[in-house]
1. Report the charge-dipole magnitude of region 206-254 in Debye, nearest 20, computed about the Cα centre from +1 at each Lys and Arg Cβ and -1 at each Asp and Glu Cβ.
2. Using helices alone, what [θ] at 222 nm do you get for the chain, with -39,500 (n - 2.57) per DSSP H run of 4 or more residues, divided over all residues and rounded to the nearest 500?
3. Any idea what angle helix 62-85 forms with the longest principal axis of the chain, computed on alpha-carbon atoms, 0 to 90 degrees, nearest 10?
4. Compare ILE157, ILE197, ILE260 in a GNM of the chain, Cα atoms joined below 10 Å, and give the one with the largest fluctuation.
5. Which of GLY263, ILE55, PRO18 sits closest to the plus end of the dipole of the chain, meaning its Cα is farthest towards the positive end, when Lys and Arg get +1 and Asp and Glu get -1 on the C-beta?
6. Helix 6-34 against the longest principal axis of the chain: what's the angle in degrees, Cα atoms only, rounded to the nearest 10?
7. From the Cα trace of the chain, what convex hull volume per residue do you get, rounded to a whole Å³?
8. Work out how much length ALA47 to LEU174 would gain on full extension: take 0.36 nm times their residue separation and subtract the Cα-Cα distance, in nm to one decimal.
Amino acid sequence: MQAWTADAILAVGWALAPLLMFGFAGSEVVHACQKLPLALRLILPAAFGVPYALIASASVHGNWLVLYLGLPILIAILLWRAQQADPQQLGNWRDFIILLLLGLAVDLRWFEAAWPANLRVINKLILLDSGLYGFLVVRQLNNVGFDLRIRLHDVKIGLRELLFYAPIAVPLGLWLGFLHFRAYLPQLGAALATWVITFFAIAVPEEIYFRGWIQNLLERRLGRRTALVITAVIFGLAHFNRRGVQFNWRYVLLAAIAGIFYGRAWRERQRVAASAITHSCVDAIWSLWL
């Protein structure tokens with residue numbers, strides 16, 4: 001196992017900071033950034049690439065450093081152009097190019113070769129930070145619903161959609177041979193840790209991307225039902241290569257069905273927290289017992 005140096009800890013903290021700032025003080029951060037001159041607002045995202053410079057300081061790979069400093073700026077510029085071309089926020093081709101780029105980069109692990117194995121999560125955080133800044137500060141996209149100050153109604157909605165999904169997914173998954181029940185009683189602390197890690201590391205980033213950005217934009221052109229179904233299908237297909245199978249159709253099917261219920265949770269009050277609660281409960285239950 002690779003050691004956690006001071007630079008590595010600082011890099012993780014640096015990459016986490018924008019996510020937490022947008023999550024707990026989003027409107028204040030957005031308003032503060034929007035007061036900056038346009039040129040500074042568009043080059044500021046280069047700061048998201050600093051974690052790579054920190055962990056690679058002993059042997060910086062120039063091409064990767066240029067990528068991590070330049071890509072956030074490119075995302076900001078394209079989304080600024082989208083904001084100019086589409087002030088009604090109906091969805092501009094630049095929005096979907098950015099979403100495709102971010103999705104493929106994460107799903108196909110395009111940039112992970114730049115990182116030590118224990119720090120590859122930073123790559124995902126940098127891409128998420130760049131997207132959050134671009135869509136919230138520059139694009140000024142409404143109704144994303146990213147707020148980590150969880151409300152009681154987030155919990156109620158999230159758990160309600162879990163109760164709707166589980167009676168479908170568990171029998172279907174067992175019948176397909178995708179799920180296998182394990183009689184296991186974890187310690188409360190371990191179960192809670194699994195849920196919290198899943199919530200922040202998997203559910204929140206994926207729900208921002210699929211519900212806060214994709215479903216949100218598609219609703220404006222296609223309506224709520226069509227956007228819900230299309231986003232769920234995309235979410236399912238994003239899991240095609242999980243568990244080491246070239247095309248894991250069982251995973252795709254169950255993930256697509258899950259996407260319907262995650263999307264329902266998000267769209268009720270347009271809150272990422274609600275869908276992330278459903279998502280993290282599903283993944284934690286699967287990890288612990290299935």
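1. 120 debye
2. My calculation for the chain gives -21500 deg cm²/dmol from helical runs alone.
3. Between the helix axis and the principal axis of the chain, the angle is about 90 degrees.
4. Of ILE157, ILE197, ILE260, the most mobile in the Gaussian network model is ILE197.
5. The listed residue farthest towards the positive side: GLY263.
6. With both axes taken from Cα atoms, the answer is about 80 degrees.
7. Details: hull volume 41.9 nm³, N = 290.
Value for the chain: 144 Å³ per residue.
8. Result: 41.1 nm gained on full extension.
None of the figures in this text is laboratory data; all of them are computed from the coordinates on show. No experiment lies behind these values; they were computed from the predicted model shown. Using ideal geometry, Cβ is built from the backbone for each residue, glycine included, and neighbour counts are taken over all protein chains shown.
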